[in-house]
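Asker: Could you have a look at this structure, given as structure tokens, before my questions?
Read-outs throughout are calculated quantities, based only on the coordinates presented, and are distinct from any laboratory measurement. Being a predicted model, the structure only gives us computed values, none of them experimental. So basically every Cβ, Gly included, is an ideal-geometry build from the backbone, and we count neighbours across all protein chains shown.
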Amino acid sequence: MEAPALDLLKGTLDLLILKTLTWGPPMHGYAIAAAIRRSTDEALLVEEGALYPALYRMEEKGWIEAEWGLSENKRRAKYYRLTTEGRKHFRSVEKSWNAYSSAVAKLLGQRVAPVT
Amino acid sequence: MWQNGLMPHESAWRRYLRFWGANPEADVDDEFRFHLETKIEELRTRGLSPEEARREALRQFGPVTAPRAECVAVSRSRVKRRSRMEHLFDWLADLRYAVRVLRRTKASTAGAILILAAGIGVTTAVFTLLDRMIYAPLPVPKPSQLALVSQWEIGPHGERLGGKTFRYAEYVYLRDRSAAFSGLAAETTLVAHELHGHDVIETPAHADMVTANFFDVLGVRPFTGRAFTPADDVRSDASHVAVASYRFASRRYPLPQDAVGQIVYLQNIPFTIVGVMAPGFFGTEKGHDPDLYVPITTVRELVTGISFDEGAYVRPIGRLRPGIDLARAQSNLQLLWGQLLAADPAVTGISYGEAKHSPNDRIVCESGARGYVSTGDEQQRSLRLLGAIVTVLLLIGCANVACLLVARGAARQHETAIRLSLGAGRARILRQSFLESGVLALAGGAGALAVAVFGCRLLLVAFHWQKRPIEITPDVRVLAFTLAVSLLSAFLFGLAPAIQLLRGGRVPLTQEHSVAPFSSGKVLVSIEVALSLVLLAGAAVFVRSFQNLRSVPIGFVAENVSVVRIEPKYDDEKLPLPDVMQLVDSLRESAGIQSTTLANFVVFNDGRVSTSVHALDDPKSISTNDLRVAPGYWETLRIPLIAGRGFTPRDDEHSPKVAVLSETLAARLFPNRNPLGRRILMARATVEHKPGDEIEVVGVAKDTRFNTVSAPPPSLVYLPILQRSNWFSRGASLEVRSALAPAAVGAMVDALVRNAHLPWKVSPATAFTEEIGATLEDDYIRMQASSLFAALALVLIAFGLYGLMAYTVARRTREIGIRAAVGASTGRIVILILRQSVRLVAIGILIGIPGAIAAIRALSGLVFGLPPVDLVSLGAAAALLAAVGAAASFVPAWRAAHLNPVQALRVQ
């Protein structure tokens, strides 16, 4: 019943978190983890514990900001929100990621060796 | 730990603690706990058992310890950085607040900055000169390795009797054998001047003569071209090379680098400039900057009339080898010196003949880090004295500023009380107070730099150093000094307001007007008075000393005597005596001239010739000054002749030699005998004298002071100028008694010289009284400077007292109103207020007396004709202070006495 696990490429987790947060409202760590799990159809297996160092580092860098609040189940939870700077950063990373992944996809899709 | 069970709930007090600061661990734990608990809840809604849900949640979460540690670390560094930022913002906020407060009270701020700028400024100016003239290290690499080598005759108690320089050959002997130095260089104490035929040269160059390794030993490289090479030490035509100073090269040529290849004539000998030294290098002597450096061996050609090889004109400077200190170098040289003196002259090439070195001579190595200090002892003393004076003045200024701040702080007591009650820490309020002081002091310090440059210029003029190459623009050392002094002052004058602030905090908020006594103000004013007393007493001592000097009978009448120096136009020519005498005669007959005479130099000028004489029948020789004068000398200067006659035109080289003795010399040569008609011999003629060397005493003149006013009249022998056929090459001084101004007399001499087509230089005429005044220059500077600064201190005192009394009156308005209402007379109220200020001044004077007495005693070596502790000066200073104190507080007292009682009573 284990899902096929793809190791996360370095920096991918940041990208996933930022992407999740671009959807709008501030989210706590658990919600972010759940969202990533849901939207990647559980294809990317995130060890949820690894999420937090990433969050803290991005907060340190100023891409996201955090605030304590009350959760749906009336508990104290830390909510993260994208900053303007974070949004900017996400766009540039997204662009280069797309370029990179399409290049990789193109390479993998080729049948014959390219003529040089 | 908590993977195994449910996470422990955070205790209430830990949350409470978080109110004061972030707690990264607790925050991270909270966050993780929330994640896991939410997950467990969700899994249980899917039907998992509590135990299964917990295990599944932990599995999905993965390892806990490492992420937790990472999160804590990230968030810790964040907290730390933020607290540092907050700290900085606090400081900035305080700084802004300080500036705002200072701007709100414009008058007292401006006053304080002005006082500080002046005080720190003059201190910086004096420091700059002290540094440039005495303390600053030479601008060369590792100056602390340099050693100045000299020899001294040592007295029986180890005291230094007289310093000597070396012969060149002696220097070479030491240089070649000493292992203590990585290099031993030398320069002469002689100077060569630029001279080229009869060319008129504007600001002729002067050259120092140095060994070829001079620049290497000092560790300086040329800016362009080359320095000397060992070959330049070898005497040949090729050694007619010169290295120019940057200052000279940029003064003489369009660009400094143009100097290379140029030819400069020194004593008519062409020297080719081969290099230019780096800017800022001025050789080894402070206050000097040779234009050119030439190889030392050229001395033989450049300086005629001395025997370079036999005379001692060389002073060595060496760079110590690492690990060798001055004492070791000195003993090394002393050892070599003993060997040199014992050695066979045939080996060393040094023959001493009669001029053997004294066995008491010792080699001395001193630190050469500061180079040679050329400033005279007297001037150094004056500078140091100035330093002390301006320091005291700065202290007074600080007390004054503190007074201003305290007075302002009193008005702010209410505000401080509110801030304290709102929870501001005492430390924060103290910091605030010192920050204000700091801002004030730095503003004052900035102004001080401008004051310092101006002050330096004034000092250079006062010391007659305008022409010396002294850089007065502030450098790093000066800036550091100013900054340090500013901060120190800030602490000093910030102390009183800070104490007051802290004490003010105890005043209950309900009281609108503080009743806290203004005691720190009183203490400050008393301190100011005490310090001023020291300054004033010092100034009084100098003023009285100067008066004494001016009233000393000098033995002749200097008023209405003009002095004109005539010299041949070119260094290598002489003044023909007959022409000069002709000039004297024609001048004597000119209108407006009472009498004219001639001497080889003017007494009280820096000229002085020492010799020794003895009576023909008594071989004990007596040292004396000797002055060559023309007929009419005593008449012109109105020096009474006690016995015999003066010189006449017939006392020339064809007649028997004659002399006039001063009273003192006559009494020493011929005690209890009539000197007239007796014969004396000059020292030079004593070994084997011819009958023609005997000199007959024809007159005795009353004693006169000679070079200084303060020293008693020395022995003096007058010889007829007409009896020296091989007479002066350097010129002579006309002394002219006339009611005309010196300038008019000078013009007359000029005209006569020009009309006779004589190739002479006529120096601008001076009044004889000026010549005497010039010898009192140091005393004059001390008197002027100490009086000026004492006057400044008085002004500060007056302001301080005025401010304090005005404040007191304002505070006692109600009380005064009541007194006036119940019938106190105007006089009584004035006295009431005055009494307070008089008491303050009196206390200050009492505190200051020991200091003032100590100062007077310390100065007693610098003053003339006063007892060691001059109570008159002390009394005068105290009286002046008291008078100024009374005057300063009279205005507020008067105002108090004329208050309208009704209005005064309304004041809360």
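Asker: Can you put B:SER825, B:SER437 in order of Cβ neighbours within 10 angstrom, beginning with the fewest?
Answerer: Working: B:SER825 11, B:SER437 26.
The order, fewest Cβ neighbours first, is B:SER825, B:SER437.
Asker: Any chance you could list the semi-axes, whole Å, largest first, of the equivalent ellipsoid that the Cα gyration tensor gives for the protein assembly as shown, using √(5λ)?
Answerer: Equivalent-ellipsoid dimensions as semi-axes: 84, 47, 25 Å.
Asker: Continuing with this model, one more query. Viscosity 1.567 mPa s, temperature 4 °C: Stokes-Einstein D of segment B:825-908 from its Kirkwood Cα radius, in µm² per second?
Answerer: 85
Asker: Something else: Just want the answer: with Cβ charges of +1 for Lys and Arg and -1 for Asp and Glu, which residue in B:VAL602, B:GLN339, B:GLY387 is farthest toward the dipole's positive end in chain B?
Answerer: It is B:GLY387, whose Cα lies furthest towards the positive end.
Asker: With +1 on the Cβ of every Lys and Arg and -1 on the Cβ of every Asp and Glu, and nothing else charged, how large is the dipole of the protein assembly as shown about its Cα centre, in debye rounded to the nearest 20?
Answerer: The dipole magnitude comes to about 4980 debye.
Asker: Can you put B:LYS164, A:LYS106 in order of Cβ neighbours within 10 angstrom, beginning with the fewest?
Answerer: Ordered by Cβ neighbours within 10 Å, fewest first: A:LYS106, B:LYS164.
Asker: For the pair B:ILE263/B:ALA342, report the inter-label distance in nm, with labels modelled 7 Å from Cα in the Cβ direction.
Answerer: About 5.2 nm, to one decimal.
Asker: Now for a separate question. Within 10 Å of each Cβ in A:26-34, how many Cβ atoms from other chains are there, averaged over the peptide?
Answerer: 3
Asker: Is it possible to state the helix-based mean residue ellipticity at 222 nm for the protein assembly as shown, with each DSSP H run of 4+ residues giving -39500 (n - 2.57), the sum divided by total residues, to the nearest 500 deg cm²/dmol? What is it?
Answerer: Mean residue ellipticity at 222 nm (helix-derived): -17000 deg cm²/dmol.
Asker: DSSP loop (so not H, G, I, E, B), at most 16 other Cβ within 10 Å: list which GluC sites (Glu not before Pro) in segment B:521-591 pass both filters.
Answerer: Details: sites: B:GLU528, B:GLU559, B:GLU573, B:GLU589; in loops: B:GLU559, B:GLU573, B:GLU589.
Sites meeting the loop and neighbour criteria: B:GLU559, B:GLU573, B:GLU589.
Asker: Above 22 Å lies some portion of the pair distances; for segment B:172-280, what is it as a whole percent of all C-alpha pairs? Please report the intermediate quantities before stating the final value.
Answerer: Details: 1940 of 5886 pairs.
That tail contains 33 percent of the Cα-Cα pairs.
Asker: Separate question: Taking every eigenvalue of the Cα gyration tensor of segment B:636-683, multiplying by 5 and rooting it, what semi-axes result, largest first, whole Å?
Answerer: Details: eigenvalues 74, 50, 17 Å².
Over the Cα atoms of segment B:636-683, the semi-axes work out to 19, 16, 9 Å.
Asker: Let me ask something else about it. Can you compute the FRET efficiency between B:ALA886 and B:GLU815 using 1/(1 + (r/R0)^6), with r the Cβ-Cβ distance and R0 = 25 Å? Round to the nearest 0.05.
Answerer: 0.70
Asker: Divide, for segment B:255-298, the radius of gyration over alpha carbons by 2.2 N^0.38 Å, where N is the residue count.
Answerer: Here the Cα radius of gyration is 1.24 times the empirical estimate.
Asker: Ordered by packing density, taken as the mean number of other Cβ atoms within 10 Å over each peptide's residues, highest first, how do B:29-42, B:466-479 rank?
Answerer: Top of the packing list down: B:29-42, B:466-479.
Asker: For segment B:178-278, run through the trypsin sites (Lys or Arg not before Pro) and keep only the ones in DSSP coil with at most 16 other Cβ atoms within 10 Å of their Cβ. Could you put the intermediate results ahead of the total?
Answerer: Working: sites: B:ARG226, B:ARG235, B:ARG247, B:ARG251, B:ARG252; in loops: B:ARG226, B:ARG235.
When the trypsin sites (Lys or Arg not before Pro) of segment B:178-278 are filtered for loop state and at most 16 Cβ neighbours within 10 Å, B:ARG226, B:ARG235 remain.
Asker: Would you work out which of B:LEU881, B:ALA756, B:ILE554 lies farthest towards the positive end of the dipole of chain B? Charges go on Cβ: Lys and Arg +1, Asp and Glu -1.
Answerer: Projecting each Cα onto the dipole axis, the largest value belongs to B:LEU881.
Asker: Here's a follow-up. Might you report the magnitude of the Cβ-based charge dipole of segment B:163-244 about its Cα centre, with Lys and Arg at +1 and Asp and Glu at -1, to the nearest 20 debye?
Answerer: The dipole magnitude comes to about 400 debye.
Asker: Give me B:ASP131, B:ASP344, B:ASP579, B:ASP779 ranked fewest to most by other Cβ atoms within 10 Å of their Cβ, as a rough exposure proxy.
Answerer: Lowest to highest Cβ neighbour count: B:ASP344, B:ASP579, B:ASP131, B:ASP779.
Asker: Run the simple label-point estimate for B:ALA667 and B:ASP309 please: 7 Å along Cα→C-beta, distance reported in nm.
Answerer: 5.0
Asker: For the pairs B:LYS467/B:LYS569; A:LYS95/B:LYS80; B:LYS106/B:LYS522; B:LYS620/B:LYS702, flag any whose C-alpha to C-alpha distance is greater than 31 Å.
Answerer: Correct reply: A:LYS95/B:LYS80.
Asker: Roughly how many nanometres apart are two label points built 7 Å out from the Cα toward the Cβ at A:LYS88 and B:VAL99?
Answerer: Those two pseudo-labels are separated by 2.8 nm.
Asker: Provide the FRET efficiency to the nearest 0.05 for the B:LEU488-B:ARG650 pair, computing r from the beta carbons and using R0 = 56 Å. Mind showing how you got there, number by number?
Answerer: Values: r = 73 Å, r/R0 = 1.30.
Once rounded, the FRET efficiency stands at 0.15.
Asker: Once amide H atoms are placed 1.01 Å from N in the peptide plane, what residues at a sequence separation of 5 or more from B:VAL629, or on another chain, have their amide H within under 5 Å of its amide H?
Answerer: For B:VAL629, the qualifying residues are B:LEU719, B:ILE721.
Asker: What translational diffusion coefficient, in µm²/s and rounded to a whole number, does the Stokes-Einstein relation yield for segment B:278-342 at 10 °C and a viscosity of 1.306 mPa s, taking the hydrodynamic radius as the Kirkwood radius over Cα pairs?
Answerer: 104
Asker: Nearest 0.05, what FRET efficiency do B:SER77 and A:ARG81 give at R0 = 25 Å with Cβ-Cβ as r?
Answerer: The pair B:SER77/A:ARG81 has a calculated efficiency of 0.70.
Asker: Moving on to the next point. Kindly identify segment A:41-93 as rounded, prolate or oblate by the Cα gyration tensor criterion: order the square roots of the eigenvalues as a ≥ b ≥ c, call it rounded if a/c is under 1.5, otherwise compare a/b with b/c, prolate if a/b is larger, else oblate.
Answerer: Taking the square roots of the gyration eigenvalues as a ≥ b ≥ c, segment A:41-93 is oblate.
Asker: Relative to the present Cα-Cα distance, how much length would full extension add between B:ILE201 and B:SER825 at 0.36 nm per residue of separation?
Answerer: Stretched out fully, the B:ILE201 to B:SER825 stretch lengthens by 216.7 nm.
Asker: Something else now. When 1/r is averaged over all different Cα pairs and the result inverted, which Kirkwood radius in Å belongs to segment B:687-812?
Answerer: The answer is 21.1 Å.
Asker: Starting from the Kirkwood radius over alpha-carbon pairs of chain B, derive D by Stokes-Einstein at 20 °C in a medium of 1.002 mPa s and give it in µm² s⁻¹.
Answerer: Result for D is 61 µm²/s.
Asker: If you place +1 on the Cβ of every Lys and Arg, -1 on the Cβ of every Asp and Glu, and leave all else neutral, what size is the dipole of chain B about its Cα centre, to the nearest 20 Debye?
Answerer: Value, rounded to 20: 4880 debye.
Asker: Another question, if that's okay. Test of understanding: what is the full-extension gain from B:LEU326 to B:ALA462, defined as 0.36 nm times their sequence separation minus their Cα-Cα distance?
Answerer: 45.3 nm
Asker: A further question on this structure: What is the sum of charges, Lys and Arg at +1 and Asp and Glu at -1, for the other residues whose Cβ falls under 10 Å from the Cβ of B:SER182? Before the final figure, lay out each step's value.
Answerer: Details: positive: B:ARG319, B:ARG321; negative: B:ASP216.
Once all neighbours under 10 Å are counted, the net charge is +1.
Asker: In addition: Running Debye on segment B:48-97 with equal point scatterers at the Cα sites and no solvent, what base-10 log of I(q)/I(0) appears at q = 0.14 Å⁻¹?
Answerer: -0.58
Asker: Hey, another quick one. With a Cα-only, solvent-free Debye model of segment B:58-192, what are the log10 I(q)/I(0) values at q = 0.14, 0.21 Å⁻¹?
Answerer: -0.96, -1.25
Asker: Using 0.36 nm per residue of separation minus the Cα-Cα distance, give me the extension gain between B:SER763 and B:VAL373 in nm, one decimal.
Answerer: Gain on stretching B:SER763 to B:VAL373: 137.4 nm.
Asker: Follow-up question, since we're still on this one. Using θ = phi - 60° and the Karplus curve 6.51 cos²θ - 1.76 cosθ + 1.60, what whole-Hz ³J(HN,Hα) does each residue of segment B:274-290 get, with Gly and Pro shown as x?
Answerer: In residue order, the calculated couplings are 9, x, 10, 6, 5, x, x, 7, 10, x, 10, 10, 5, x, 10, 8, x Hz.
Asker: Follow-up question, since we're still on this one. At a threshold of 8 angstrom on Cα-Cα distance, excluding pairs fewer than six apart, so keeping six or more, what relative contact order does chain B reach in percent?
Answerer: 13
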